[in-house]
Amino acid sequence: MFADFQECKNYCLEKGIKAVDFKLINLAGRWHHLTIPVERLDEKIMEDGIGFDGSSYGFLTLEKSDMVFKPDLRFAFADPFSEIPTLSIIGNIYSLGEKTERFEGDPRYIAEKAENYLKSTGIADRSSFGPEFEFYLIDHISYAVERNNISVFLDAEQAEWHTKDQEYQNQGFKVPYQKGYHVDIPYDVNFELRKKMVLQLEEMGVPIKYHHPEVGSSGQMEIEICFGNLFEMADRTMLLKYVIKNMALAHGKTVTFMPKPFFREAGSGMHVHINFFKEDKPVFYDAKGYSGLSQTALYTIGGILKHAPALLALTNPSTNSYKRLVPGYEAPVNICYATANRSAVIRIPGYANRPEEKRYEFRPSDATCNPYLAYSALMMAALDGVQQKIDPVKEGFGPYDINIFKLSEEERAKIKALPKSLEEAADALEKDHEFLLKGGVFTEGIIQDHLKRIRKEANEVNIVPNPKEYELYFDL
């Protein structure tokens, strides 16, 4: 947003900014913040930064947890959710030693290093990422994890279970079960709010491709961002989630990006479209190749599919992720690729035929990920595929341009499946992460920090009895 400090100061004076709010990303992918009066914003902060405890952000392998962050003036925005005029600026994390230098495990720095590594390989000089965000916009959530009460209750105004309500003037127009895809008004009760979200994002520099209701009848919807490079797309991902959550709350609703918040309802993914360019020419296009893809593109597919089990620990890092990744809900659980096949881990869109549009999408990922880590990991796997010449055909990954579920059991058994749990994904990453360390993009320390965190969360979930267990076993 700003080229230098003086431009930032002039903006604050012109807009009457009273506070400056600094956003910091933790390892899990949540923003934290620290705020100062605008009068305290000076060049000393730009040079020396502000100190904080890195261990509270999940960076646990450091011998010393004292760190500093410095404002990154390139990424700043006037916060539309603050009553007092506030400028939000994202911060870069630095470690303290003999000299202050960028912390190798800062998720934003990892994304920067991934972009630089791409250029150093000569394979491409620009990445192009396009995520699709699915989420549920709902009216109520309550949950409890107590010794004598393990429960959750969700509600959405448009859900079909409200057709029977008699306590108020019920005007009908409830969305039938799993029939929410592209429903028009009056069924689409969140249309106006969703438009406001999109217009706010556009105003804040996040270009939106389109938005619509999704399959889930209890308030599921999708917003798709226009393409951008890995680093800016990770920043935009954080901003999109920030805007959607806060705008929902401002209108008396709430939002969840959980992959599977509702039982027997469509899950929410974050499909990621990927493309590479070199000197503004599409690297992935070859008119004579399979589905219009070049050999380089096929190698990148081979790399992503070969490393897919390990990737899931970064692209799907919650226990809830694996409630979505099950057969039967168009879930991408098969480690293979195909054109227009939504059950494959990698799908080549059948409608993207122009050279500059030729791409593929990685379908398993969801928005519980840290976008800086997830997008970087996908890029590193793709580049490893080119460097190792991993041919997806020779590896047995397809293409499978058929309905996989109609194959014989013997044929289906040849297709490897994604991990079925977060623990399996963590084990896969533990065994297979050398490709992430190339070029110093990821560090061994940050991978171990991540593994420690997700294994701890998996253990916390595993010891809690599930209500379904009472149905199955209470009387035995």
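Here are the numbers for this structure:
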| read-out | value |
| --- | --- |
| Some residue of the range 194-206 being within 22 Å of Ala331 (Cβ to Cβ) and touching a residue at least 24 places away in the same chain (Cβ under 8 Å) | no |
| Search result, residues across the range 3-21 that are in contact with a strand residue (DSSP E or B) (Cβ under 7 Å, 6 or more places away or on another chain), hydrophobic (A, V, I, L, M, F, W, C) and over 16 Å from Glu47 (Cα atoms) | Cys12, Ile17, Ala19, Val20 |
| Where a residue in the range 130-145 is surrounded by fewer than 17 Cβ atoms within 10 Å (Cβ to Cβ) and its partner, wherever it lies, is assigned to a strand (DSSP E or B) and of a type in the set (Ser, Thr, Tyr), with Cβ under 6 Å and at least six apart | Ala144/Ser151 |
| Where a residue in the range 1-15 is closer than 12 Å to Ala76 by Cα and its partner, wherever it lies, is assigned to a helix (DSSP H, G or I) and hydroxyl-bearing (Ser, Thr, Tyr), with Cβ under 7 Å and at least six apart | Phe2/Tyr11 |
| Condition met for Ile244 (under 22 Å from Tyr351 (Cα atoms) and among the hydrophobic types (A, V, I, L, M, F, W, C)) | no |
| Boolean, Glu423 is surrounded by fewer than 17 Cβ atoms within 10 Å (Cβ to Cβ) and among the acidic types (Asp, Glu) | no |
| Restricting the range 75-115 to residues that are among the polar types (S, T, N, Q), part of a strand (DSSP E or B) and more than 21 Å from the chain's Cα centre (by Cα), the residue that is surrounded by the fewest Cβ atoms within 10 Å (Cβ to Cβ) | Thr86 |
| Test for Asn275: is it surrounded by fewer than 21 Cβ atoms within 10 Å (Cβ to Cβ) and touching a residue at least 12 places away in the same chain (Cβ under 8 Å) | no |
| Qualifying position, being farther than 15 Å from Glu232 by Cα, in contact (Cβ under 8 Å) with a residue 12 or more places away in the chain and not hydroxyl-bearing (Ser, Thr, Tyr), among Lys44, Lys70, Lys119 | Lys70 |
| Selection status of Glu409, in the same structural domain as Val326 (by TED's automatic domain parsing), surrounded by 13 or more Cβ atoms within 10 Å (Cβ to Cβ) and either under 29 Å from Pro261 (Cα atoms) or of a type in the set (D, E, K, R) (or both) | no |
| Unmet requirement for Asn341, which otherwise passes all of (1) at pLDDT below 95; (2) surrounded by fewer than 18 Cβ atoms within 10 Å (Cβ to Cβ); (3) polar (S, T, N, Q) | (2) |
| Check on Lys420, over 30 Å from Phe153 (Cβ atoms), under 24 Å from the mean Cα position of the chain (by Cα) and assigned by TED's automatic domain parsing to the domain that holds Arg342 | no |
| Qualifying position, being crowded, with 22+ Cβ neighbours inside 10 Å, in the same structural domain as Lys438 (by TED's automatic domain parsing), farther than 20 Å from Tyr109 by Cα and hydroxyl-bearing (Ser, Thr, Tyr), among Tyr351, Tyr322 | Tyr322 |
| Qualifying helices (runs of 4 or more DSSP H) (wholly inside the range 362-476; at least 2 residues being without any contact (Cβ under 8 Å) to a residue 12 or more places away in the chain and either of a type in the set (Phe, Trp, Tyr) or closer than 26 Å to Gly269 by Cα (or both)) | 444-462, 467-473 |
| Qualifying residue in the range 399-414 (condition: hydroxyl-bearing (Ser, Thr, Tyr) and touching a Ser or Thr at 6+ places or on another chain (Cβ under 8 Å)) | no |
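The values are calculated or read from the model by the stated rules, or taken from the named source; none is laboratory data. It should be emphasised that the depicted structure is a prediction, and the values quoted were computed from it without experimental measurement. Positions of Cβ are generated from backbone atoms using ideal geometry, with glycine treated the same way; all protein chains shown enter the neighbour counts.
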